[in-house]
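The values are calculated or read from the model by the stated rules, or taken from the named source; none is laboratory data. Here the structure is a predicted model, which means the values were calculated and not measured. Quick reminder, even Gly has a Cβ in these numbers, built from the backbone with ideal geometry, and neighbours come from all protein chains shown. Accessible surface areas use protein heavy atoms only, side chains included; no ligands, DNA or RNA. Shrake-Rupley method; radii C 1.70, N 1.55, O 1.52, S 1.80 Å.
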Amino acid sequence: QVQLVESGGGFVQAGGSLRLSCAASVSIVIINAIRWYRQAPGKQLALVATMRRWGSTNYADSVKGRFTISRDNAKNTVYLQMNSLKPEDTAVYYCKTKDGTGYNVWGQGTQVTVSS
């Protein structure tokens with residue numbers, strides 16, 4: 001069964017950087033896609049970035065040019081490098097994938113707080 005564990009959140013000033021990690025309990029080379037979402041206080045969950053099995057990526061317009069999703073197959077980990085952070089990036093960040101039956105699997109989330 002696939003499990004995901006996020007880490008790397010924290011408190012940073014505007015303009016700073018953080019790198020989030022999403023460690024999977026299975027080999028990520030067999031996973032079709034891993035996505036990063038975020039949920040800001042009082043707002044709906046929003047898709048931030050997608051990493052597909054063959055390496056293609058997509059980003060939300062709000063983070064293009066600032067965030068980069070990448071992977072380390074040997075560590076079964078997907079990363080989200082976040083640069084030029086803004087207060088509006090403050091949110092709980094989650095990674096998500098699907099298991100072999102198509103069931104959504106979520107990590108526990110990691111808090112990112114950006115001060116102005």
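Observations
Each row is one residue, and each column tells you yes or no for (1) open to solvent by 30 Å² or more (accessible area, probe 1.4 Å); (2) among the β-branched types (V, I, T); (3) touching a Lys or Arg at 6+ places or on another chain (Cβ under 6 Å); (4) over 14 Å from L47 (Cα atoms).
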position	(1), (2), (3), (4)
K96	no, no, yes, no
Y103	yes, no, no, yes
T110	no, yes, no, yes
S116	yes, no, no, yes
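- Within the stretch 83-94, tally of residues that are under 11 Å from the mean Cα position of the chain (by Cα) and open to solvent by 30 Å² or more (accessible area, probe 1.4 Å): 2
- For the stretch 16-25, the tally of residues that are within 19 Å of T101 (Cβ to Cβ), assigned to a strand (DSSP E or B) and open to solvent by 40 Å² or more (accessible area, probe 1.4 Å) stands at 0.
- Of all residues in the stretch 37-52, those that are closer than 10 Å to T90 by Cβ have Cβ atoms under 8 Å from Cβ atoms of residues that are surrounded by fewer than 21 Cβ atoms within 10 Å (Cβ to Cβ) and of a type in the set (G, A, S), 6 or more apart or on another chain, in R38/A46; A40/A46.
- Members of the stretch 82-110 found to be part of a loop (DSSP other than H, G, I, E, B) and at pLDDT 95 or above, listed by number: N83, S84, L85, K86, T90, G107, Q108, G109
- Residue in the stretch 37-53 that is over 20 Å from T113 (Cα atoms) and out of contact with any strand residue (DSSP E or B) (no Cβ under 6 Å at 6 or more places or on another chain) present: yes
- S62 vs. criteria surrounded by 13 or more Cβ atoms within 10 Å (Cβ to Cβ) and either small (G, A, S) or without any contact (Cβ under 8 Å) to a residue 60 or more places away in the chain (or both): yes
- Residues in the stretch 26-58 that are outside any strand (DSSP E or B), closer than 17 Å to N104 by Cα and either modelled with pLDDT under 95 or open to solvent by less than 60 Å² (accessible area, probe 1.4 Å) (or both): V26, S27, I28, I30, I31, N32, R53.
- For the stretch 61-81, a residue qualifies if it is in a loop (DSSP other than H, G, I, E, B) and over 15 Å from I28 (Cα atoms), and the qualifying residues are D61, S62, V63, K64, G65, R66.
- Among all positions in the stretch 72-82, there is at least one residue which is touching a Cys at 6+ places or on another chain (Cβ under 8 Å) and either open to solvent by 60 Å² or more (accessible area, probe 1.4 Å) or of a type in the set (S, T, Y) (or both).
- Qualifying residue in the stretch 3-10 (condition: more than 27 Å from Y103 (Cβ to Cβ) and modelled with pLDDT of 95 or more): yes
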